[in-house]
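Engineer: One structure follows; several queries about it will come next.
What follows draws every value from the coordinates through simple rules; no lab data is involved. Here the structure is a predicted model, which is why all the values come from computation and not from measurement. Reconstructed Cβ throughout: ideal geometry from the backbone, glycine too, with neighbour counts over all protein chains shown.
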Amino acid sequence: MTDIGGFQDRVARVDLSEGDVRYEGIDTEDARKYIGARGLGVKYVFEQGPDVDPLGPDNLLAFMNGP
């Protein structure tokens, strides 16, 4: 979908509580705006908001690979 090299155009979201894996596409605009996994990872964590319990099941743990 993106014409930016190095992307697989998707993110795996793993729910450890439920043992579920979902794959979501990476928005082309986000791929260009955040340039790489580090930027996208920060975006995803930031979207969780400041009120998420750091030790709770709704907290996001991100492993991002790439530039």
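Engineer: Here are labelled values, (i) 1.36; (ii) 1.29; (iii) 1.18, and one is the computed Cα Rg over 2.2 N^0.38 Å for what I pasted. Which one?
Structural biologist: Matching entry in (i) 1.36; (ii) 1.29; (iii) 1.18: (iii).
Engineer: Could you work out how far apart the two model spin labels at residue 10 and residue 45 are, taking each label as a point 7 Å from the Cα in the direction of the beta carbon, and quote it in nm?
Structural biologist: Between residue 10 and residue 45, the label points sit 2.5 nm apart.
Engineer: Another question, then. Give me the number: length gained by fully extending residue 21 to residue 61, i.e. 0.36 nm times residue separation minus the C-alpha to C-alpha distance, one decimal in nm. Can you show the working numbers first?
Structural biologist: Numbers: separation 40, 0.36 × 40 = 14.40 nm, distance 1.40 nm.
Between residue 21 and residue 61, full extension yields 13.0 nm more.
Engineer: Could you list which residues have their amide H under 5 Å from that of residue 25, counting only those 5 or more apart in sequence or on another chain, with H placed in the peptide plane?
Structural biologist: Counting only residues 5 or more places away or on other chains, the set is 11.
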